Amino acid sequence: MPLKLPNIIGHRGAAAYAPENTLESIQTAADMGCKWVELDVKLSKDSVPMIFHDDDLDRTTNGHGPFAEKKFEDLRDLEAGSWFADGFAGIKIPTLEEAIEVILQRDLGVNLEIKPCPGREVETAEAMLDVLSQIWDDRDRLLISSFSHVSMETSMDMANDWYRGLLLDTEPMENWKELADYLNASTINIDGRTATRELIDDIMDTERQILAYTINDPQLARTLRQWGVDALFTDDPDTVTEDMFKAH
Ligand code: G3P
Ligand code: MG
């Protein structure tokens, strides 16, 4: 059974409107009508799964240096909102558990992208799935993905029946079909900004759903829809909308 996906998935919540990967960003995506959000998961030094994108703290917090070197308590002391806008000052990096709480409250589906700090590919998947196994039971509203094949393999071993999406980089690896078969991936998640029609045709031939990141340009969104992409990750759900998939 293919996963039932909306056409639009809020990227890192609604990253154009609120600081990415925060509870406020998830709430904003829900307020803007998103049915699903995408979030990045990595581990604190003491192995708490948290929602964060970069390997370093500098861009999106008032901290410095590698995320991987900070324990949960240190990460909690950081401020993750004012880099985006003063009105968001004081907000914190959320744990996976806190993010899932909001997702459940707002009745959303979620694509959890495992984004391990270097060398923690197995542990990140394990810790994420441990938490999830205690608080999540809706198979139809969860997609697990990663650029890390090791994290994907760990997910397959630990939670085989949860949907998996194989993330392809801007330059897709040559053996993506074999890998998708091996990982039993239900979806292929491509870089829609650089993807060719040929790649999309090739994926369609494998009868997998196609998701494209990160599309904030409505013209590109229309082109990808015409080429057969099923769902788009967007920072800007006001500009790239479900209506585009209804229009002919
Ligand atoms: O999962 C889709 C997209 O989020 C992948 O790229 O770097 O934004 O996590 P990135
Ligand atoms: Mg991501």
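Here, each number is a calculation from the coordinates, and none is a lab measurement. Owing to the predicted nature of the structure, the values given are computational and were not obtained by experimental measurement. Reconstructed Cβ throughout: ideal geometry from the backbone, glycine too, with neighbour counts over all protein chains shown.
If I model the chain as equal point scatterers sitting on the Cα atoms and use the Debye formula, what is log10 I(q)/I(0) at q = 0.07, 0.08 Å⁻¹? Debye curve over Cα of the chain, log10 I(q)/I(0) at q = 0.07, 0.08 Å⁻¹: -0.21, -0.28. Along segment 128-141 the Karplus relation, 6.51 cos²θ - 1.76 cosθ + 1.60 evaluated at θ = phi - 60°, assigns HN-Hα couplings of 4, 6, 4, 5, 4, 4, 8, 10, 10, 9, 9, 4, 7, 10 Hz to successive residues, with x for each Gly and Pro.
Return the tail of the calculated pair distribution for segment 43-155, meaning the percent of Cα-Cα pairs more than 25 Å apart.
Numbers: 1440 of 6328 pairs.
Roughly 23 percent, rounded to a whole number.
Could you tell me what percent of the DSSP beta bridges with both partners in the chain are antiparallel, to the nearest 5? Before the final figure, lay out the partial values.
Working: 5 of 36 bridges.
Beta bridges within the chain, antiparallel portion: roughly 15 percent.
Between amide H atoms placed 1.01 Å from N, distances below 5 Å from Glu38 occur with Gly10, His11, Arg12, Gly13, Asn111, all of them 5 or more places distant or on a separate chain.
Shown for segment 1-95: lysine pairs separated by 8 or more places, or found on different chains, whose C-alpha atoms are under 21 Å apart, numbering 9. Using the Karplus relation 6.51 cos²θ - 1.76 cosθ + 1.60 with θ = phi - 60°, the per-residue 3J(HN,Hα) values for segment 77-94 come to 6, 7, 10, 10, x, 6, 4, 8, 6, 4, x, 9, 4, x, 7, 10, 6, x Hz, with x marking Gly and Pro.
Ordering Ile91, Thr239, Gly165 by Cα displacement along the dipole of the chain toward the positive end leaves Thr239 in first place; charges were set at the Cβ atoms of Lys, Arg (+1) and Asp, Glu (-1).
Inter-part distance, segment 175-230 to segment 101-131, computed on C-alpha centroids, equals 22 Å. Name the shape class, rounded, prolate or oblate, that the alpha-carbon gyration tensor gives for segment 6-70, where a ≥ b ≥ c are the square roots of its eigenvalues, rounded holds for a/c under 1.5, and otherwise prolate holds if a/b is larger than b/c and oblate otherwise. Because a/c hits 1.5 or more and a/b exceeds b/c, segment 6-70 counts as prolate. Of the GluC sites (Glu not before Pro) found in segment 125-187, those that fall in a DSSP loop while having at most 16 other beta-carbon atoms within 10 Å are Glu174.
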